[in-house]
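Shown next, in structure tokens, is the structure this report addresses.
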Amino acid sequence: MESLLPLSVFAFVSSITPGPNNIMLTSSGIRFGFARCIPHMLGVVFGFGVMLALCAAGTGSLIMALPVLHIVLKVIGSTYLIYLAWQLRSMAFGRSENESARPMSFIGAALFQFANPKAWVMAVTGASAFLPPVQPVWLAIAVFCLLFSAINLPCLSIWAATGAVLRRYLTQEKWQRLFCAIMIALTLYSAWAIWS
């Protein structure tokens, strides 16, 4: 199937580039280590897979075409990212609440996909441009979702693993604060970029 190569390239490029999921996974990798990020990663893949299926079935285009729903998604997504930036400051400044922090759950990560504008753009673009020309349609949707998810998971893992590796080197408080400040800035930038 020649049509799978362009889909694979699109899935890789859109999954590996920075975005809310990747920034959150890097932060979680630093705070909690790689193993504790696994439910978060699987939740992203599952939630995004459901979104891919919905978009391939035509629902995503309808949602993106309704300005009110598009604005609601932007508000929810940017609000959540600002909340995450606020949570990151506890890591940056060694607050005691950091000890009660937990990585994002499977369900939380899956649900976040529906408030993540980058995920919607990836899903709608992928479904409209790269859906394999296979019959029956349900098989094309299944191939599309499975291939995208198979590429998405290793990309997410790289970001979580990067955070886990950085965790070993961020033992000095000044470097922790610097890195957290950078992650906070990137998270706030992601919240702002939703509106641009």
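The values are calculated or read from the model by the stated rules, or taken from the named source; none is laboratory data. Since this is a predicted model, take the numbers as computed values, not measurements. Glycine gets a Cβ as well: all are built from the backbone with ideal geometry, and neighbour counts include every protein chain shown.
For this structure, a couple of remarks:
- Scope the range 6-18; condition surrounded by fewer than 20 Cβ atoms within 10 Å (Cβ to Cβ) and either under 25 Å from Trp86 (Cα atoms) or out of contact with any Gly (no Cβ under 8 Å at 6 or more places or on another chain) (or both); matching residues: Pro6, Ser8, Val9, Phe12, Val13, Ile16, Thr17, Pro18
- Residue in the range 188-196 that is within 13 Å of Asn22 (Cα to Cα) and in contact with a Pro (Cβ under 7 Å, 6 or more places away or on another chain) present: yes
- Where a residue in the range 149-175 is acidic (Asp, Glu) and its partner, wherever it lies, is part of a loop (DSSP other than H, G, I, E, B), with Cβ under 9 Å and at least six apart: Glu173/Gly94
- Residue match in the range 171-192 (condition: modelled with pLDDT under 90 and not in a helix (DSSP H, G or I)): yes
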